[in-house]
Amino acid sequence: VQLQASGGGLVQAGGSLTLSCAVSGRFDRLGDMAWYRQIPGKQRDLVAEISRYGGTSYADSVKGRFLISRDTAKNTVYLQMNSLKPEDTAVYYCNAQRSATSSFVYWGQGTQVTVSS
């Protein structure tokens, strides 16, 4: 199973980016999918997650600015990021729960998001 994240880049503060993460390979029905982010020397933090049935939750720091969605048929999760701030700069990682009842998650390789002031 592979998760391919894309859509990162350099953007000015106040701008927008949309990240995508496509899951390929052989797997059963995926459970929760999520985006995390990490800056050098810090732990990887949860940004947003979405259940198989569409329920979402967000870190307080991104509420009202970021929107997570998924296309179950395409096994793809998205993160629309608006009103970006320099403190959003990080490597963003996606993950996917192997199934709704599994504790195992697959991870993508990460995509860099840099927000300039």
Sort 67-76, 85-94 by packing, meaning the average of other beta carbons within 10 Å per residue, with the highest value first.
85-94, 67-76
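Accessible area per residue, 1.4 Å probe, Å², for the chain: what's the number?
Value returned for the chain: 54 Å² of accessible area per residue.
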Measure off, as a whole percent, the carbon and sulfur share of the 1.4 Å-probe accessible area of the chain, all protein chains present.
47 percent
Report the paramagnetic label zone for R29: residues of segment 52-74 whose backbone N is under 13 Å from a point 7 Å from Cα along the Cα-to-Cβ axis.
52-54, 72-73
Rounded to whole Hz, the Karplus (6.51, -1.76, 1.60) HN-Hα couplings of segment 24-38, x for glycine and proline
10, x, 9, 7, 8, 6, 5, x, 5, 10, 8, 10, 10, 9, 8
Given charges of +1 on the Cβ of Lys and Arg and -1 on the Cβ of Asp and Glu, with all other atoms neutral, how large is the dipole of the chain about its Cα centre, in debye to the nearest 20?
180 debye
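The values are calculated or read from the model by the stated rules, or taken from the named source; none is laboratory data. Keep in mind the model is a prediction, meaning the values are calculated, not measured. FYI the Cβ positions are ideal-geometry reconstructions off the backbone, even for glycines, and counts take in every protein chain you see. These area figures cover heavy atoms from the full protein model, side chains too; ligands, DNA and RNA do not enter into them. Shrake-Rupley method; radii C 1.70, N 1.55, O 1.52, S 1.80 Å.
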